[in-house]
């Protein structure tokens, strides 16, 4: 009987010790695992930008003057050399104050007196020329009869030529005085109100559309006095649309002309495009965090037909992804599974329910997946989101 009790006590002790040991064994950690599979990977550079019409024409005023109200509206179609954008009139002179008016009147009187003096000198020159011509005819008759010498005849001819030159000088001086009188009278002109000067009437100075296209923006709508070169409207062809992206210079150097791109998040379906130009000069831009960044403009041309993106207009916001490389038939893993260990890309692989540190050679990656050149095989199980408290040899179970 005592033997049976001893065996029972020993068994109880063994069970207790086993339960105690089992309680200290850690339970496997339940985590999210990813199965490695082959696939294709597109490596992209993403950026934000806007659309713009490639050739925008700004119509400006050709002279200083008064411009009538522009009746065109954004979206109106225009034809080169036929559509009147605006109607201009030369600006009226400024109103004269009393002193300036008196001075201008005095200038007019002076110019008129000078012109009368010039007229008198013209009459005097004409009369003297007529007298000398009559004298020359008498001297010519006497010379034929041998009554006077040849030198007297020559002096008479010289006198006539001199008087002709004096007459021409007097006439020219008279014309100068006439122009001075006209200029002095012009300074007395006062502004006048013109009627029937709307853009629908026959315009005095018509400003025509330089190209076929559409009115994009009205830069100066109302009637007013404007200086020469004032921008009035912007014209362009909405079908001549492109995308301009601002990319970091470190990303722009990876892009080549002709690379394919996808324009997205503009309010419609994705649009296929192609890199048309990488501008050779960059610029400095301050980021939202206050950091100076060197950026480069990259221009994209649409490949898809215009019917797919005709809702887009000038200066609309878009996002674009430029495809700089394609990796085909590579093992793919989530980008979140990668981490740096001793400056080498690594992942946690699961073997026999335990974590194993595995270094990998990354062929390429984008913002979602990475292509693995070596280090992993198809169907390997890896940790999708490794945490700082994970360690080699830890027991795990798949979620």
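All of the numbers you see were taken from the coordinates with simple rules; none came from a lab. Source: prediction; values computed, not measured. Glycine gets a Cβ as well: all are built from the backbone with ideal geometry, and neighbour counts include every protein chain shown.
For region 246-309, a/c is not less than 1.5, where a ≥ b ≥ c are the root eigenvalues of the C-alpha gyration tensor, and a/b does not top b/c. That puts it in the oblate class. Over all Cα atoms in the chain, the spread is summed up by Rg and Dmax: 47.9, 197 Å. Taking Cα atoms only, the orientation of helix 2-24 departs from the longest principal axis of the chain by about 10 degrees.
Taking the convex hull of the Cα atoms, report for region 253-399 its projected area averaged over all directions, in nm². Numbers along the way, then the final one.
Working: hull surface 52.7 nm².
With every direction weighted equally, the projected area is 13.2 nm².
Axis of helix 150-186 versus longest Cα principal axis of the chain: the two differ by about 50°, to the nearest ten degrees.
Helical runs assigned H by DSSP (4 residues or longer) give the chain a calculated mean residue ellipticity at 222 nm of -10000 deg cm²/dmol, each run adding -39500 (n - 2.57) before division by the residue total. GNM on the chain, alpha-carbon springs under 10 angstrom: the most fluctuating residue among 138, 317, 112 is 138.
Using the count of nearby Cβ atoms within 10 Å as a rough guide to exposure, how do 302, 131 rank from fewest to most? Could you put the intermediate results ahead of the total?
Values: 302 21, 131 12.
Placing the least packed residue first, the sequence is 131, 302.
For a quick check: sort 158, 312 by the number of other beta carbons within 10 angstrom, fewest at the front. Could the numbers behind the result be given before it?
Working: 158 10, 312 19.
Least crowded to most crowded, the residues run 158, 312.
Kindly express, to the nearest 10 degrees and within the range 0 to 90, the angle between helix 98-145's C-alpha long axis and the longest C-alpha principal axis of the chain. Helix 98-145 sits at roughly 50 degrees to that axis. Sorted ascending by nearby beta carbons within 10 Å, beginning with the fewest, 53, 372 become 53, 372. Taken over region 38-177, the convex hull of the Cα atoms encloses 387 Å³ per residue.
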